[in-house]
Amino acid sequence: MPDPATGFARVPDQVPGLLGCAPGLVDVLASGSEYVAYSVFDSEEGANPAAMAAVAAVSGVAFDLEDEDAVLCGAVLVVQCSQDC
């Protein structure tokens, strides 16, 4: 989860492997006190509506499928805190 002092989320060593990309391509897409969403920076893969729904559910931010700059593409990893963070 994000560091409480700075608010920044780090990228654990396992994330690039789970996303199937090089460590330098992992992007912290969104984060909050109880979640972090990681994506592959500038992915060339197809749109991922399931990922958009998952990120919207944890972040409260809706995605506009008509806005190509807002559409999530490729692999997305959402990590949520299941207990008191």
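Bear in mind that the values in this text are calculations on the coordinates, not laboratory data. Worth saying up front: this structure is predicted, and the values here are computed from it rather than measured. Heads up, the Cβs are rebuilt from the backbone with ideal geometry, glycines too, and the neighbour counts pull from every protein chain shown.
A few points about this structure:
- Each residue of the range 32-41 is assigned a 3J(HN,Hα), and the resulting list reads x, 5, 10, 7, 9, 10, 10, 9, 8, 4 Hz, derived from the Karplus form 6.51 cos²θ - 1.76 cosθ + 1.60 (θ = phi - 60°), x at Gly and Pro.
- Within the shell defined by Cβ-Cβ distances under 15 Å, the residues around Val11 carry a net charge of -2, with Lys and Arg each +1 and Asp and Glu each -1.
- Between the residues Gln14, Ala56, Ser43, the greatest Cα displacement towards the positive end of the dipole of the chain, with unit charges on the Cβ of Lys, Arg, Asp and Glu, is found for Gln14.
- Alpha carbon convex hull of the chain, volume per residue in cubic angstrom: 101
- About its Cα centre, the dipole of the chain is roughly 380 debye, where the only charges are +1 on Lys and Arg Cβ and -1 on Asp and Glu Cβ.
- DSSP bridge analysis restricted to the chain gives an antiparallel fraction near 100%, rounded to the nearest 5.
- Efficiency of FRET from Cβ geometry, Val28 and Glu66, R₀ 25 Å, rounded to 0.05: 0.50
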